[in-house]
Amino acid sequence: MIPFQEAKNIVNGHLFQLKHEKVSLSESANRILSEDVVATMPSPQFDNSAMDGFAVRSEDTIGASKENPITLKMVSVSSAGSPSDIEIGPGECAQCMTGAAIPKGADAIVMVEESSGFSDDESVQIFLEASPGKHIRKQGEEISEGDLLIHKGAKISPSEIGTCATFGYGELTVFQKPKVAIFGTGNELIEPGNPLESGQIYNSNLYVFSDLAEKAGAEVIMRDVIQDDKESLRHFLSEALEACDVVISSGGVSMGRYDYVRDVFMELGVEEHFWKVAQKPGKPLFFGTGQNTLIFGLPGNPVSSYIGFMEWVWPALETMMGKTESKPLSGILTESFSRESIKKRFLFGKAWIENGQLVSKPATKVGSHMLTSSLEANCILSADPGETILNKGDEICVNILPWKKIV
Ligand code: AMP
Ligand code: MG
């Protein structure tokens, strides 16, 4: 059994970034940018109207009011999408719709509500004095050409995809998705939806892994529940080691008589870097490398494998896609947390803000087989080894589950 931090350093020493690929904008959601995105043009690109109204020379509207309207000659219509070649002179105005280019000579927009309205008449009455620049979106007021819009390493969410669309990017350069194989082991495992016979349980871990892998941005290309026999394991694993960047197993890696996963990894030439880590839950944790593959053998107990995925596999997947590991937060315990003397202790927990301070408490069910302890959780709490328990008021490490909110 090796100390947690030592094991972390070993894993970090074997992480690598995946190659880049171009994807169409419409397929880029949730991918990680592998290049900075810069503004290809200013935004707004040209001076345009923020309102449906009349483009005027502000000096022509001085003194205008409902009681004393000013009449201007209506010379043209500028609509959104029409070329910006309209011009107005003294005493003239043009109808100008939202998003339409401001005609040359105009320096303000009067809202249509402050006029006698749109019509085909040759003149229009203006009811309001317009100050220079009124209701005009100025070229470059938001972004200048060449500005850095989004950093490499950012995940593409609606804000990023919308911004890239705004600046005309039809394709983006992103990190490849890690190709992942997940497998569970155990003769006792039955797929949900089927009846259970005596001694059997449902496979839940692969459903958790699959969702986690997808949430992390990876692509699960192989998935299976395998009986506790070496031949079936060999068959699945030799293919997975060829085809995948990351292989993740659950179960079969402990001290049990039928725990063959580690043996088969070794038979297939996987280099073992460690097998047991000073952590609870999840001490039996295998980490190895193949030629171009990282291998994580997580324990079978559902809480151990879920937390193990989040603490070990998730950061590895993110690093492969160019993200820097996010630092856990520090919270104040509202209840005690029992530490382990030589193991790092993890528990699902709940974190929220109280009086401007992040506070948290561990789940009440602490067994590594009790997956329902994750239902109410929005974080994983962790404490370094220590002889004494952590008390209410002490600090604890809070790793917010990325898809949850702090409530
Ligand atoms: P193992 O690591 O194979 O000894 O498994 C430890 C515990 O986790 C046993 O109680 C298994 O039945 C359970 N277990 C293993 N794999 C799964 C799975 N895919 N889903 C749910 N429980 C599992
Ligand atoms: Mg087993």
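The table that follows gives values for the structure above.
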read-out	value
Over the stretch 270-345, relative contact order from alpha-carbon pairs under 8 Å, at least 6 apart, %	26 percent
Rounded FRET efficiency, nearest 0.05, which uses the C-beta distance separating Glu141 from Lys73 and R0 of 30 Å	0.50
Qualifying lysines (Cα of each under 17 Å from Cα of Lys134; at least 8 residues distant if same chain)	Lys104
Å² of accessible area per residue within the stretch 264-400, as computed with a 1.4 Å probe and no ligands counted	43 Å²
The stretch 135-169-the stretch 296-322 distance, computed between alpha-carbon centres (Å)	34 Å
The chain: relative contact order in percent, alpha carbon pairs under 8 Å with at least 6 residues between	16 percent
Total formal charge among the other residues, if their Cβ is under 14 angstrom from that of Leu268, Lys/Arg +1 and Asp/Glu -1	-4
Accessible surface of the chain, 1.4 Å probe, proportion on carbon and sulfur as whole %	48 percent
Surrounding net charge for Pro302, when Lys and Arg each add one and Asp and Glu each subtract one, Cβ distance under 14 Å	-1
For the chain, size of Cβ-based charge dipole, Lys and Arg +1, Asp and Glu -1, in debye	1820 debye
Rounded Å value of the spacing that divides the Cα centres of the stretch 1-32 and the stretch 256-290	20 Å
Cα convex hull volume per residue for the stretch 48-137 (Å³)	71 Å³
Anchor Lys230: aspartates and glutamates whose Cα lies under 13 Å away (excluding residues fewer than 8 positions away in-chain)	Asp259, Asp263, Glu267
Per-bin percent of Cα-Cα distances, the stretch 329-400 [10 Å]	22, 56, 21, 1
The stretch 48-137 - percent relative contact order, Cα under 8 Å, separation 6 or more	42 percent
Helix-only mean residue ellipticity at 222 nm for the chain, each DSSP H run of n ≥ 4 adding -39500 (n - 2.57), per residue, nearest 500	-5000 deg cm²/dmol
Local electrostatic count at Phe175 - Lys and Arg +1, Asp and Glu -1, tallied over other residues with Cβ under 13 Å	+3
Residues of type lysines that Lys350 reaches as a straight line, Cα spacing below 16 Å, ignoring anything fewer than 8 places off in the same chain	Lys361, Lys365, Lys392, Lys404, Lys405
Most positive-pole-ward Cα, Ser232, Thr293, Pro103, against dipole of the chain from beta carbon charges	Ser232
Two-site FRET efficiency, Glu21 against Trp403, from Cβ-Cβ distance with R₀ of 25 Å, rounded to 0.05	0.50
Rounded tilt (10° steps) of 205-216 against the dominant C-alpha axis of the chain	30 degrees
Unit Cα scatterers, Debye sum, the chain: log10 I(q)/I(0) for q = 0.06, 0.09, 0.11 Å⁻¹	-0.42, -0.69, -0.84
Distance from the stretch 360-386 to the stretch 61-115 (C-alpha centre basis), Å	64 Å
Two-decimal Rg/Rh across the stretch 214-312, once Rg and the Kirkwood Rh are taken from alpha-carbon atoms	0.93
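The values are calculated or read from the model by the stated rules, or taken from the named source; none is laboratory data. These numbers come from a predicted model, not from an experiment. With ideal geometry, Cβ positions are generated from the backbone for all residues, glycine too; neighbour counts draw on all protein chains shown. All accessible areas refer to the heavy atoms of the entire protein, side chains included, with ligands and DNA or RNA removed. Shrake-Rupley method; radii C 1.70, N 1.55, O 1.52, S 1.80 Å.
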